[in-house]
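One structure is given below, encoded as structure tokens.
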Amino acid sequence: MNNKKRLLATLVSVLVLHSPSVLAKDVPATIDAFTAQGYPGEIVALYDPGFITITLDRGETIDTTYGDIDFDILYEWEQQAKASGKPRRVMVHYTLADGVTVKDVNSDIGFSLNGVIEEHPIDMAMSACTEQFSTTVGMHECSALAYHAWDRELNRAYAALGGSNNPELKAAQIAWIAFRDKQTEYLAAHYGKMQGSIWGLIYGEKVNDITRQQTEALQSMLSW
């Protein structure tokens, strides 16, 4: 059984302990419901080749690499912002379809963020989801949303590195999938022995960490 099915099985085992009235508070179908509206902030530094620092109004700092735009365009934009004395205000969005994207609030300039992000919008969405859906069932479903988001980011990074057209990468990824599945089986067996619904939540967190770590390993290769 792969980790997607294992996570679902764990979730189902918890769901049966709750009444339909609890399940009536539906968690959104995708993480986009928590992230697509965007997070306001401003660009505080721009580096060549391809590094950028953005501070969000809510306090997080994003320091990573960007793509889908020429450095010259961003550099010219930066010079115009400096000349005007106004901060470079942006909105940072995350969607399953597009990943992390940045949009200038005063122009049509937009680009993607494709490197490792320590304080990722997926984390922000997970916090918002569990705050809104704080039952055990709700937190399980929020964890499942985060899992699917990290899986999507893994596939995005894999494709950016050449995907199946990169024989060495393909072989490494196949080996990692085998490791992931065995690790997930071990985690299920380990936490399945524990009494209490909290262990199901910890299991889900551990499963998410496996995919996140591989995602960030591949994303780091896009930078160097």
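The values are calculated or read from the model by the stated rules, or taken from the named source; none is laboratory data. Here the structure is a predicted model, which means the values were calculated and not measured. So basically every Cβ, Gly included, is an ideal-geometry build from the backbone, and we count neighbours across all protein chains shown.
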### Query
Just a yes or no: is a residue in the stretch 160-183 assigned to a helix (DSSP H, G or I), in contact with a Lys or Arg (Cβ under 8 Å, 6 or more places away or on another chain) and not small (Gly, Ala, Ser)?
no
#### Entry: GLY138 being at pLDDT below 95 and assigned by TED's automatic domain parsing to the domain that holds VAL207
yes
#### Entry: The lone exception for GLU78 - which of (1) assigned by TED's automatic domain parsing to the domain that holds GLY41; (2) touching a strand residue (DSSP E or B) at 6+ places or on another chain (Cβ under 6 Å); (3) closer than 29 Å to ALA217 by Cα; (4) part of a helix (DSSP H, G or I) it fails
(3)
### Task
Tally the residues that are within 27 Å of ILE117 (Cβ to Cβ) and among the aromatic types (Phe, Trp, Tyr), restricting the search to the stretch 194-212.
1
## Note on the structure
When restricted to TYR158, TYR191, the only residue surrounded by 14 or more Cβ atoms within 10 Å (Cβ to Cβ) and modelled with pLDDT under 95 is TYR191
